[in-house]
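To start, the structure itself, in structure tokens.
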């Protein structure tokens, strides 16, 4: 298994006594999109949240195993989770912009991490909005509330906000499930462009979306990874019957 980038080794996650993730090992290569698919309750979102320790915020959750990021096991006690989440960003299912201006949504993270120069902040804001294909739609109202944007624009703003602190990995939990088809297409196009600079791990229930945007796919079932391979192979010639049954709609 690779040692560079993001790697999970024998990861177990418990909600109280219930084991939600049962010894999952996965490695995520640089500049690739990995889709996590599987039926509701199979553990894919729990696994995703484990990668940047977001499960730490949930009472009663216990995690064991290793999560390696650039040669450091970030699942150990004493790791600075703020710094970890700078390296491994998160985009949630529903857009969650701060109750601030469009500009301040992007500038907040860099400013928190020590960027004070206004010219530099201006450049970061423009660069991130351009990367999120949102600059032309927002450049004349940067100081207006982000809450005035449409749902699709808000989600692209949240993606822009996540890349403003220069992460290496972006985690996305059903990032288009609350959006209309046009906004969904824009987010998918954005994912394809962002993978030139980032590793992206996306949880999705949408089989067509997984097939369109990802390079690799992991099929989760009952807390385990049943199959992990190139997306083309998973969707056209899976090795496991359970994978084939799920993709063809026979269960899930």
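The values are calculated or read from the model by the stated rules, or taken from the named source; none is laboratory data. Model, not experiment: these values are computed from the prediction. Note that each Cβ is placed from the backbone with ideal geometry, even for glycine, and that neighbours are counted across all protein chains shown.
Points worth noting:
- Qualifying position, being buried (at least 17 other Cβ atoms within 10 Å of the Cβ) and closer than 30 Å to residue 136 by Cβ, among 32, 104: 104
- Scope region 1-59; condition without any contact (Cβ under 8 Å) to a residue 40 or more places away in the chain, under 15 Å from the mean Cα position of the chain (by Cα) and farther than 21 Å from residue 175 by Cα; matching residues: 27
- In the set (1) touching a helix residue (DSSP H, G or I) at 6+ places or on another chain (Cβ under 9 Å); (2) farther than 20 Å from residue 176 by Cα, residue 96 fails one condition alone, (2).
- Applying the criterion of being in contact with a helix residue (DSSP H, G or I) (Cβ under 6 Å, 6 or more places away or on another chain) and part of a helix (DSSP H, G or I) to the residues of region 132-154, the residue that is surrounded by the most Cβ atoms within 10 Å (Cβ to Cβ) is 146.
- Filtering 148, 164, 185 for residues that are closer than 24 Å to residue 100 by Cβ and either modelled with pLDDT under 95 or over 17 Å from the mean Cα position of the chain (by Cα) (or both) leaves a single hit, 148.
- Failed criterion for residue 205 (all others in (1) surrounded by 21 or more Cβ atoms within 10 Å (Cβ to Cβ); (2) over 13 Å from the mean Cα position of the chain (by Cα); (3) within 28 Å of residue 244 (Cβ to Cβ) hold): (1)
- On the stretch given as region 179-224, residues that are assigned to a loop (DSSP other than H, G, I, E, B) and out of contact with any strand residue (DSSP E or B) (no Cβ under 8 Å at 6 or more places or on another chain) total 5.
- Restricting attention to region 234-252, the residues being exposed (fewer than 14 other Cβ atoms within 10 Å of the Cβ) and outside any loop (DSSP other than H, G, I, E, B) number 2.
- Put simply, of 66, 19 the only residue that is touching a strand residue (DSSP E or B) at 6+ places or on another chain (Cβ under 9 Å), part of a strand (DSSP E or B) and under 27 Å from residue 251 (Cβ atoms) is 19.
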